[in-house]
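The values are calculated or read from the model by the stated rules, or taken from the named source; none is laboratory data. Source: prediction; values computed, not measured. Heads up, the Cβs are rebuilt from the backbone with ideal geometry, glycines too, and the neighbour counts pull from every protein chain shown. In case anyone asks, the SASA skips ligands and DNA or RNA and just uses the protein heavy atoms, side chains included. Shrake-Rupley method; radii C 1.70, N 1.55, O 1.52, S 1.80 Å.
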Amino acid sequence: MKIGIVGLPQSGKTTLYNALTGQQVSTTAYSGGKEDAHHAVIKVPDERLEQLNNVFAPQKKVPATIEYIDLAGIHPDQQKKQGFSDHFLGQLRLVDAILIVLRSFENPNVAHPLGSLDPNRDLDIILSEFIISDMSIIENRLDRLERQMRVKKNDPDIKEHTLLQGLLKELEEEILLRNATLTVDEEHLIRGYQFLTQKPLILVLNIDENQLTDDTTVSKNLKGSQEKNTAVLTIAAQIEMEIQQLEGEEAELFRKDLGIKDSAMEKLVRISYDLLGLISFFTVGEDEVRAWTVPDNTKAPLAAGTIHSDFEKGFIRAEVVHYDDFIERKSLAKCKSDGVMRLEGRDYTVKDGDIITFRFAV
Ligand SMILES: Nc1nc2c(ncn2[C@@H]2O[C@H](COP(=O)(O)OP(=O)(O)OP(=O)(O)O)[C@@H](O)[C@H]2O)c(=O)[nH]1
Ligand SMILES: [Mg+2]
């Protein structure tokens, strides 16, 4: 799973990135307009995996991971000026969700590029940059299709041309494509374009520590916070980055003092999983206990395929026990004798927390 971190310059993207990843990439009080992106893969904390690790004491414990990419600042009027660079777009089109950092913190040493704090305005600016970028993709494609259709008309081209013309109209009316009504076929037809306005959004309000007490008010005032495929959370990125650099107990004490329940990372991981409709299942053994990430409603053979394509091709059945049943007994044999271990076939839909042993033949 990949999450791209974007926002206006100086909104605190790199500060949040450091808070999430424990890295110490330099944050500056002025935007150098630098292009370089920072990548980090973080482990998804999961207490269940810890418990399984305690039971099996395996050589390896492998958690699920998320990749965060801290991208360059989006300048207001970016499109009018020079548009997104291919490098920037190339990175952003590949992510599974876009995390937009919206500045809400007061800091006289850090000038806001627009001279005032207004997260709603900043969000509008970024979304309109995405709209313009998607429109130019569609316009280029329509040009190419029209050239092709002047030579020879075929049904797929006509169908795509009509669909893209409709989507262009929606974008002109500033409707994000994730709010467009599309059939499954149409979704499929445009999937390859990886439109920015179709991606799930995580809106992070970067607040000050003194806003921690009423962070719900702050987030409630954010437009679009109730929209589908959108998650909103408030994070005091500067504080979280500082806490990240403290040792375990000291960090806990500091958080408690500030009344921060979960770390930024834990909050964001949970919200990303929910937003992207992801679940985790486990494989266990003396050699390794491991968490695997799959979309919700994944059938057993496809889940097996995330481990190895042979598992899917040669799928026979899945031996499944849910974590809750297992942790009570702490033994697979006991689960079997108690009858809570089930044999499931190709139609079985994997559940969050399932412990699975796939039987397959190659
Ligand atoms: N007070 C306060 N300052 C912050 C906070 N987040 C970031 N800053 C400061 O704002 C400045 C910019 O932070 P960065 O994280 O570098 O911002 P950025 O969005 O990555 O900036 P660019 O990469 O240049 O677009 C730094 O001086 C940070 O210390 C915050 O939550 N509170
Ligand atoms: Mg930065």
Scanning the range 41-60 residue by residue, the ones that are in a strand (DSSP E or B) and crowded, with 17+ Cβ neighbours inside 10 Å total 1
Of the listed residues (Ser263, Ser272), the one being open to solvent by less than 10 Å² (accessible area, probe 1.4 Å) and polar (S, T, N, Q) is Ser272
Log entry, pairs with first residue in the range 126-147 being without any contact (Cβ under 8 Å) to a residue 60 or more places away in the chain, second being charged (D, E, K, R), beta carbons closer than 6 Å, six or more apart or on different chains, reads Leu145/Asp157
Restricted to the range 8-30 and to residues being near ligand 2 (Cβ under 9 Å from one of its atoms) and open to solvent by 50 Å² or more (accessible area, probe 1.4 Å), the residue modelled with the highest pLDDT is Ser26
Of the candidates Arg191, Arg178, Arg150, the one satisfying the condition of being open to solvent by 50 Å² or more (accessible area, probe 1.4 Å) and closer than 20 Å to Lys228 by Cβ is Arg191
Residue under question is Leu212, and the condition is that it be more than 30 Å from Asn140 (Cβ to Cβ), open to solvent by 40 Å² or more (accessible area, probe 1.4 Å), in a helix (DSSP H, G or I) and of a type in the set (A, V, I, L, M, F, W, C); does it hold? no
Going through the range 338-362 in order, the residues found to be surrounded by 15 or more Cβ atoms within 10 Å (Cβ to Cβ) and farther than 16 Å from Thr283 by Cα are Val340, Tyr348
(Q) Considering only the range 92-115, I want to know if a residue exists there that is open to solvent by less than 70 Å² (accessible area, probe 1.4 Å), closer than 30 Å to Gln10 by Cβ, hydroxyl-bearing (Ser, Thr, Tyr) and in the same structural domain as Gly12 (by TED's automatic domain parsing). (A) yes
Within the range 221-247, restricting to residues that are assigned to a loop (DSSP other than H, G, I, E, B) and without any contact (Cβ under 8 Å) to a residue 24 or more places away in the chain, the one that is nearest to ligand 2 (Cβ to nearest atom) is Leu246
**OP:** Confirm whether Gly277 is free of Cβ contacts under 8 Å to residues at least 60 places away in the same chain and under 28 Å from Tyr348 (Cβ atoms).
**Re:** yes
Exercise. Does Ile66 fit the bill of being crowded, with 20+ Cβ neighbours inside 10 Å, at pLDDT below 95 and away from ligand 1 (no atom under 12 Å from the Cβ)?
Worked result: yes
Exception for Cys335 within (1) open to solvent by less than 50 Å² (accessible area, probe 1.4 Å); (2) over 14 Å from Thr298 (Cα atoms); (3) more than 30 Å from the chain's Cα centre (by Cα); (4) touching a residue at least 40 places away in the same chain (Cβ under 8 Å) falls at (4)
Thr293: passes all of (1) more than 16 Å from ligand 1 (Cβ to nearest atom); (2) surrounded by 15 or more Cβ atoms within 10 Å (Cβ to Cβ); (3) part of a helix (DSSP H, G or I) but (3)
